[in-house]
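Worksheet: the structure to be examined is printed underneath.
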Amino acid sequence: QVQLVESGGGLVQPGGSLRLSCTASGSIDSINTMGWHRQAPGKQRELVATIANTGGTYYADSVKGRFTISRDNAKNTVYLHMNSLKPEDTAVYYCRYSAVRANYWGQGTQVTISS
């Protein structure tokens with residue numbers, strides 16, 4: 001079992017920044033990918049960004065150039081640095097841990113972009 005604890009969501013004005021954190025604990029595989037997905041009201045959950053234990057990253061087109069994903073393997077923590085936030089970035093953001101044995105989701109953290 002792997003547990004994921006997210007933090008860092010909140011309300012910010014358009015153009016602002018936020019940093020999300022997700023820490024994994026439990027039976028962590030050395031080879032894994034961690035990432036962030038988001039789900040806006042009335043929409044399907046979508047992939048935002050992922051980062052492998054090797055450091056390889058992937059970004060959705062909608063966040064390229066604005067969001068940066070990073071991780072601290074020693075702390076089993078992944079971060080999502082979000083800049084130039086737009087109202088359309090408003091969603092519940094979910095952390096995901098993926099490994100050969102299993103996939104896990106965090107409980108989600110609300111991000112609201114509004115003036």
Which distance in Å, rounded to a whole number, links the C-alpha centroids of segment 1-46 and segment 76-111?
2 Å
In a Gaussian network model of the chain with springs linking alpha carbons closer than 10 Å, the residue among Asp61, Asp29, Asp89 that fluctuates most is Asp61
Under a GNM of the chain (C-alpha, springs under 10 Å), which listed residue has the highest mean-square fluctuation: Ala24, Ala102, Ala49?
Ala102
Using the Kirkwood formula over every pair of different C-alpha atoms, what hydrodynamic radius in Å results for segment 41-89?
12.0 Å
Could you tell me what percent of the accessible area of segment 19-69 is made up of carbon and sulfur, with a 1.4 Å probe and every protein chain present?
48 percent
Output the relative contact order of the chain, whole-number percent, from Cα pairs under 8 angstrom with separation of 6+ residues.
36 percent
GNM flexibility winner over the chain from Tyr58, Tyr79, Tyr93 (Cα, springs under 10 Å):
Tyr58
What are the ³J(HN,Hα) values, in whole Hz, obtained from phi via the Karplus relation 6.51 cos²θ - 1.76 cosθ + 1.60 with θ = phi - 60°, for each residue of segment 55-63 in sequence order, with x given for Gly and Pro?
x, x, 10, 9, 10, 5, 4, 5, 10
Kindly state, to the nearest 0.05, the FRET efficiency for Lys64 paired with Ser115, given R0 = 22 Å and r defined as their beta-carbon distance.
0.35
Determine the shape class of segment 1-41: with a ≥ b ≥ c the square roots of the Cα gyration tensor eigenvalues, call it rounded for a/c under 1.5, and otherwise prolate if a/b is greater than b/c, oblate otherwise.
prolate
When ligands, DNA and RNA are left out and all protein chains stay put, how many square angstrom of accessible area per residue does segment 30-102 have with a 1.4 Å probe?
52 Å²
Return a whole-number percent for the relative contact order of segment 48-115, with Cα pairs under 8 Å and 6 or more residues apart as the contact set.
21 percent
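The values are calculated or read from the model by the stated rules, or taken from the named source; none is laboratory data. Note that this is a predicted model, so its numbers are computed, not measured. Heads up, the Cβs are rebuilt from the backbone with ideal geometry, glycines too, and the neighbour counts pull from every protein chain shown. In case anyone asks, the SASA skips ligands and DNA or RNA and just uses the protein heavy atoms, side chains included. Shrake-Rupley method; radii C 1.70, N 1.55, O 1.52, S 1.80 Å.
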